[in-house]
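The values are calculated or read from the model by the stated rules, or taken from the named source; none is laboratory data. Given the structure is predicted, the values throughout are model-derived calculations rather than measurements. Positions of Cβ are generated from backbone atoms using ideal geometry, with glycine treated the same way; all protein chains shown enter the neighbour counts. These accessible areas exclude ligands, DNA and RNA; they are computed on the full protein's heavy atoms, side chains included. Shrake-Rupley method; radii C 1.70, N 1.55, O 1.52, S 1.80 Å.
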Amino acid sequence: QVHLVESGGASVQAGGSLRLSCAVSGDTVSNMCMGWFRQVPGKKREGVAAITRDGGTNYADSVRGRFTISRDKDKNTLYLQMDILEVDDTARYYCAAELSWLPCTIIYGVEYDSYYWGQGTQVNVSS
């Protein structure tokens, strides 16, 4: 039902910026708690940022102050603005959406199979 398509990943130098996009179909960004996760080979996937239905946000300690999650209701798109990128930010970034009737545990970086997931977009940061 809900489809998420990430875009915007690229190779950049440390200190640079990227904006990731997550195009949503089948529901609206304002009706779901949504978030961004990332994963590197050999490590578990971790929550990066999330936003509640009413616009509240939360971030992983490693990105707080550098990343900003937002949404555009008119475009039905979720964004992750990434500034002052670091080599450790290199990962595949995934957009996720929590079913609208669930209690928004995604705000704490919790993963469940019931979430909708995109295919991911690769971010490479070089020194």
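Within the chain, what's the longest stretch lacking chymotrypsin sites (Phe, Trp or Tyr not before Pro) that sit in DSSP loops with no more than 11 other Cβ atoms inside 10 Å? Between the exposed loop sites, the longest stretch runs 1-100. The gain in end-to-end length when the Gln81 to Ser100 segment is fully stretched comes to 4.4 nm, 0.36 nm per residue minus the alpha carbon separation.
The phi torsions of region 8-16, fed into the Karplus equation with coefficients 6.51, -1.76 and 1.60 and a -60° offset, translate into couplings of x, x, 6, 9, 9, 8, 3, x, x Hz, rounded to whole numbers, with Gly and Pro shown as x. Our estimate of slack between Gln39 and Asp88, defined as 0.36 nm per intervening residue step minus the Cα-Cα distance, is 16.5 nm. Remark: relative contact order (region 31-126) = 34 percent; criterion is Cα-Cα distance under 8 angstrom and separation of 6 or more residues. Between region 5-36 and region 77-127, what is the C-alpha centre distance in whole Å? Using only Cα atoms to place each centre, the spacing works out to 8 Å.
Charge dipole of region 11-79 (Cα centre as origin; +1 on each Lys and Arg Cβ, -1 on each Asp and Glu Cβ, all else neutral): 220 debye, rounded to the nearest 20. Placing +1 on each Lys and Arg Cβ and -1 on each Asp and Glu Cβ, with no other charges, gives the chain a dipole about its Cα centre of roughly 100 debye.
Using the Cα centre of region 67-113 as the reference point, and only Cβ charges (+1 on K/R, -1 on D/E), how large is the resulting charge dipole? Debye, rounded to the nearest 20. Computed charge dipole of region 67-113: roughly 240 debye.
Nonpolar atom fraction for the chain, defined as the carbon and sulfur part of the 1.4 Å probe accessible area, stands at 48 percent. Computed with a 1.4 Å probe over protein heavy atoms only, the accessible surface of region 25-127 comes to 50 Å² per residue.
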